[in-house]
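**Student:** This structure is in structure tokens; I'll ask about it shortly.
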Amino acid sequence: MTAPRLEVRVEAIEENTRTLVDRLAGKGIVVTAVNKATLACPAVGSAMLRGGATGLADSRIDNLARTRSAGITAPLTLIRSPMPSQAARVVRDCDISLNTEGVVLDALSAAAVAQGRTHGVVLMVELGDLREGVAAEDVAALARTIGQRPGLELLGLGTNLACRSGVVPDQEKMDELSRLVEKAESACRTGLTVVSGGNSANLDWALSTADPGRVNELRLGEAILLGTEPLHRRPVVGLHTDAFTLVAEIIEAREKPSRAWGVLAQGAFGDQAARPDTGTVRQAILALGRQDVDPDSIVAPAGVTVLAMSSDHLVVDLGDHDLSPGDEMSFAVGYSGLLRAMTSPFVAQVEQVPPVGVEPTLNRF
Ligand SMILES: *Cc1c(COP(=O)(O)O)cnc(C)c1O
């Protein structure tokens, strides 16, 4: 089979979604599943919906358009503030967007009127992480103007923490969001239906809080896809962490000294850490490079040590493994490894595990 390839177990993604949907339902919180790390792979998006996600979200309108053309009819949300130049596409290809800017709202309103559609708006609030968001004191006033723009409907408020600065979404931050919802409701004289508390970093809070307040939605990507939470990159109990496996092929396997010799300067990607002299190692080169995956975001099989990676070569110490050119090796991936593998034109994507007797489908996007 072709290599390198990313094997995707969609049923693990479906089960992860269902587990999170069930646990959060007890708190009155629904899950919008974020599929941006897979470039909106429709098989993954469908698995998320089968698992109970109420809709799909992405930060790029191209990915949402692709989701729609794959025949997915669930509500689609653009979770990066729209580019004004793309307002018409945003209104056409998705149902809801997260917003912070009056000029963007004007452009969305004009596009919605031109297309005879209503576009849903969630207003994002800045609660300290210093990425997108309107200052707390400006929320009510801006919220009031949204429903006055033809073609737009204010659905609610949202916030995003732990992305730029690692600010933890705790009870205090979520209580502040709930208070702002109430302020916005009185300013608009209408109820807000969506209170989007955040991303996978909110799970610790959401699963342990006795008081979710007004928060009734989370936008979850990493926890569903990788089974981990981003605050400490720990596995979430009960979730699969092996939905994705990166497989690469060995192109050289030789006994080599553990230490380089000659006058040493920089390697292709900067200084190489000096390696201890462990005599001779069983070294293998795999046809996998920085163009395919982030070397800091892969985990080698037990007993194998990653030594170095250039654009196209991964060098490992095989330890006791007896492998030869043509043999394959599997790696677990972290978030940035997944992202790069999914965006590399050199990495094929293969859906696992096909029913017995059926060839796996090769899915190049
Ligand atoms: C990426 C993103 C998410 C999902 O984050 P995960 O950590 O993958 O759950 C949610 N909201 C916004 C605004 C995002 O950009």
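**Student:** Once you list every other residue whose beta carbon is under 12 Å from the beta carbon of ASP312, what net charge do they have if Lys and Arg are +1 and Asp and Glu are -1?
**Tutor:** 0
**Student:** Take the alpha-carbon positions of the stretch 1-71, form their convex hull, and give its projected area averaged over all directions (one quarter of the hull surface) in nm².
**Tutor:** Averaged projected area of the stretch 1-71's Cα convex hull equals 5.5 nm².
**Student:** Accessible area per residue for the chain in Å², computed with a 1.4 Å probe and the full protein assembly in place, what is it?
**Tutor:** 46 Å²
**Student:** Classify the stretch 54-174: rounded, prolate or oblate, from the alpha-carbon gyration tensor (a ≥ b ≥ c, eigenvalue square roots; a/c under 1.5 rounded; otherwise prolate if a/b is larger than b/c)?
**Tutor:** Since a/c reaches 1.5 but b/c is at least a/b, the shape of the stretch 54-174 is classed as oblate.
**Student:** Roughly what would the spin-label model give for VAL113 and ALA70, points 7 Å off Cα along C-beta, in nm?
**Tutor:** So the label points at VAL113 and ALA70 sit 3.6 nm apart.
**Student:** In whole angstrom, and with the biggest value first, how far do the Cα coordinates of the stretch 81-121 range along each principal axis?
**Tutor:** Between the extreme Cα coordinates on each principal axis of the stretch 81-121 lie 23, 15, 14 Å.
**Student:** Report the calculated FRET efficiency for ARG60 and TRP261 (r = Cβ-Cβ distance, R0 = 35 Å), to the nearest 0.05.
**Tutor:** Calculated value: 0.15.
**Student:** Assign one of three labels to the stretch 1-132, namely rounded, prolate or oblate, based on the Cα gyration tensor with a ≥ b ≥ c the square roots of its eigenvalues; rounded applies when a/c is under 1.5, prolate when it is not and a/b is larger than b/c, and oblate otherwise.
**Tutor:** Since a/c reaches 1.5 and a/b is larger than b/c, the shape of the stretch 1-132 is classed as prolate.
**Student:** Report, to the nearest whole %, how much of the accessible area of the chain belongs to carbon and sulfur atoms, 1.4 Å probe, protein only.
**Tutor:** Accessible surface attributable to carbon and sulfur in the chain totals 51 percent.
**Student:** If you wrap a convex hull around the C-alpha atoms of the stretch 258-346 and split its volume per residue, what is the figure in Å³?
**Tutor:** Given the Cα convex hull of the stretch 258-346, per-residue volume reads 110 Å³.
**Student:** Let me ask something additional. What ranking do 73-83, 42-52 get when scored by the average of other Cβ atoms within 10 Å per residue, highest first?
**Tutor:** Packing order, densest peptide first, comes out as 42-52, 73-83.
**Student:** Also: Hey, what D do you get for the chain in µm²/s if you plug the Kirkwood alpha-carbon radius into Stokes-Einstein at 20 °C and 1.002 mPa s?
**Tutor:** 96 µm²/s
**Student:** Net charge within 9 Å of VAL247 by Cβ-Cβ distance, Lys/Arg positive one each and Asp/Glu negative one each, not counting VAL247 itself?
**Tutor:** In short, -2.
**Student:** So for the chain, taking the charge dipole from beta-carbon charges (+1 Lys/Arg, -1 Asp/Glu), which of ALA162, ALA70, PRO257 sits furthest toward the positive end?
**Tutor:** ALA70
The values are calculated or read from the model by the stated rules, or taken from the named source; none is laboratory data. Note that the coordinates shown come from a computational prediction; the quantities given were computed from them, not determined experimentally. We place every Cβ from the backbone using ideal geometry, glycine too, and count neighbours over all the protein chains shown. These accessible areas exclude ligands, DNA and RNA; they are computed on the full protein's heavy atoms, side chains included. Shrake-Rupley method; radii C 1.70, N 1.55, O 1.52, S 1.80 Å.
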